[in-house]
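Step one of this worksheet: look at the structure below.
Here, each number is a calculation from the coordinates, and none is a lab measurement. On a predicted model such as this, the values are computed, not experimentally measured, just so you know. Every residue, glycine among them, receives a Cβ derived from its backbone with ideal geometry; neighbour counts consider all protein chains shown.
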Amino acid sequence: MSRLVVVSNRVAPITEGEPTAGGLAVGVLDALKQQGGIWFGWSGEITGDVASTANPGQTVGRITVFTVGLSRRDYDEFYRGFANGSLWPTLHYQIGNARFDWKEFFGYRRVNALFARSLAALVRPDDMIWAHDYHLFCLAEALQEAGLTNRAGLFLHTPFPAPAVFMTNPAHAELIRAMCRFDLLGFQTEPDRSAFADYVLREAGGTALGDGRLHAFGRTVKTGVYPIGVHVDKARGEEEAPANRRYASRLRASLAGRKLILSVDRLDYSKGLPQRFAAFERFIEEFTARQGSVVFMQIAPPSRSDIQTYREIRHELEAEAGRINGRFAEVDWVPLRYLNRSFTRNVLMPLYAEAQLGLVTPLRDGMNLVAKEYVAAQDPADPGVLVLSQFAGAARELDAALIVNPFDEAGVAAALDRGLAMQLAERRERHAAMLQVMRRNSLDAWRDRFEADLRA
Ligand code: ADP
Ligand code: F6P
């Protein structure tokens, strides 16, 4: 049987006990743990002037990880520059935050080629290559140029925007042509898939062959929708283990019976944190009876902090948290707790379970695993309420959440009040509906369906 070789820029630490912030790393790690495989990517290290060759591989359980280091130039042009300075904002509809430099695009292609050359030394002819995310749009092209003929698929964890937005990136045509060199392209939701198909059909002269297959640039690529999920039962298991409840017990004691609203995000401008803080301020301003009896805790570990837009949002949030607390705090109540740190997942799950309300309001998100983790961690007999942005991919499946527009401060404030007041019967009904969808679209189903389609 052919092996599955996963390729992604970010590779999660595979030893237990280290925090992993980021949906890709969390999802791939969980998916691989069970069935094993090879995982190839960046070591997270900058290795001076030249990229390092792949290390001999580290095996933990059934996963073997091979990594390469990037040179300073590769890191600047590929990771900091084109991937996170150009593509990330464009894919999230934030074209005002995007910058572009052809030099960085060439650096991006160069690192895709570097990955392909390193993979050529590792893979067998019948291995299947599963690439992840926007860092690797040019990987199939590079693999073919390195002489590999393995089946190759790409799963995009982020949204894919409307063609008019994607075309603001000057390298859009090169990127689409390169993406069409994969055998299979997976998206989180149907709107993402059809935005990509729209581009291929309208702008690249492609034709639709039915069943998600597109013919363009002289070859056929299959496209499909594979919403990423979580291990529902594992989340509850972690929630219940006494050793994992240390922080949750401290949190509960500190709340002294007050209700908790919880948000957990990488500190990223796509997550809508300033808008969320503003909505929370509006909530305590308008619903005065809630003052003193509700606490909002935002956990947001810094991410990509050597990129200017990320430094700016961090400063903005620090200032806002201080201002809101300064305005409303009492001698015995501080409304907003802002934590710039990560927690291991087994600690995070019991924290989710402490919150009467999970607040997940990205301005755009491919899926948003935090929303699903929050639901999975709830006690079905007395679950909390999820308030979810209509612009998160997860809203397509979790329509039993209280769905909000993150740009509508008053609407989010009203949803907070409604969620905190919701009666047990309604909470249970909504939670059961969400759990049912999440069981159907589990992490295993995500992996198995993608793998089966790639194999086919
Ligand atoms: P993204 O991939 O954009 O970061 P997701 O919500 O899909 O967004 O995935 C985030 C993942 O990272 C989740 O699995 C979540 O548990 C984890 N994560 C986010 N913030 C933290 C944190 N502060 N500590 C630990 N894990 C975190
Ligand atoms: O899931 C979105 C994502 O961009 C992943 O691709 C990435 O691994 C994660 O968020 C964290 O970002 P980074 O790898 O840049 O630290």
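Sort 95-102, 131-138, 259-266 for me by packing, meaning the mean count of neighbouring Cβ atoms within 10 Å per residue, highest on top. Walk me through the numbers on the way to the answer.
Values: 95-102: 14.0, 131-138: 25.6, 259-266: 22.2.
Highest to lowest by the protection proxy: 131-138, 259-266, 95-102.
Please give the charge dipole size of the range 153-285, origin at the Cα centre, charges +1 on K and R Cβ atoms and -1 on D and E Cβ atoms. Round to the nearest 20 debye. Before the final figure, lay out each step's value.
Details: 19 positive and 15 negative charges, 98 e Å.
In debye, rounded to 20, the range 153-285 gives about 460.
The label-point distance for R213 and A410, in a model that sets each label 7 Å from Cα toward Cβ, rounds to 5.3 nm.
Under a Cβ-only charge scheme (Lys and Arg +1, Asp and Glu -1), can you give me the dipole magnitude of the range 68-204 about the Cα centre, in debye to the nearest 20? Provide the component values of the computation, followed by the final result.
Working: 14 positive and 16 negative charges, 61 e Å.
Taking the Cα centre of the range 68-204 as origin, the dipole is about 300 debye.
Of the residues Y247, Y226, the one with the fewest other Cβ atoms within 10 Å heads the list, and the complete ranking is Y247, Y226.
Taking the centroid of alpha carbons for each part, the range 414-456 and the range 355-406 are 9 Å apart. If you average the alpha carbon positions of the range 56-78 and of the range 180-199, how far apart do those two centres end up, in angstrom? Between the Cα centre of the range 56-78 and that of the range 180-199, the gap is 27 Å. Taking each residue as 0.36 nm, the span from D379 to A162 lengthens on full extension beyond its C-alpha to C-alpha distance by 74.3 nm. Modelled label positions at D417 and E318, each set 7 Å beyond Cα in the direction of Cβ, lie 3.4 nm from each other. When peptides 409-418, 237-246 are sorted by average Cβ neighbour count within 10 Å, with the highest value leading, the order is 409-418, 237-246. As a calculated quantity, the FRET efficiency between Q291 and A241 at R0 = 45 Å, using C-beta atoms, amounts to about 0.80.
Considering only W130, L148, L420, the residue lying farthest towards the positive end of the dipole of the chain is L148, judged by Cα position with unit charges set on Cβ. Applying the Karplus relation 6.51 cos²θ - 1.76 cosθ + 1.60 with θ = phi - 60° to the range 196-210 yields 3J(HN,Hα) values of 5, 4, 4, 4, 4, 6, 8, 9, 10, x, x, 10, 8, 9, x Hz, where x marks Gly and Pro.
For the chain, what is the charge dipole size about the Cα centre, in debye to the nearest 20, if Lys and Arg each add +1 at the Cβ and Asp and Glu each add -1 at the Cβ? List each step's numbers first, then the result.
Values: 54 positive and 54 negative charges, 101 e Å.
Roughly 480 debye for the chain.
Would you please state which residues of the range 85-124 a label at D306 would reach in this model, taking the label point 7 Å out along Cα→Cβ and a backbone N cut-off of under 15 Å? Taking a point 7 Å out along Cα→Cβ of D306, the residues of the range 85-124 whose backbone N falls under 15 Å are 85. Taking packing as the residue-averaged number of other Cβ atoms within 10 angstrom, the listed peptides 430-443, 385-398, 309-322, 147-160 run from highest to lowest as 385-398, 147-160, 430-443, 309-322.
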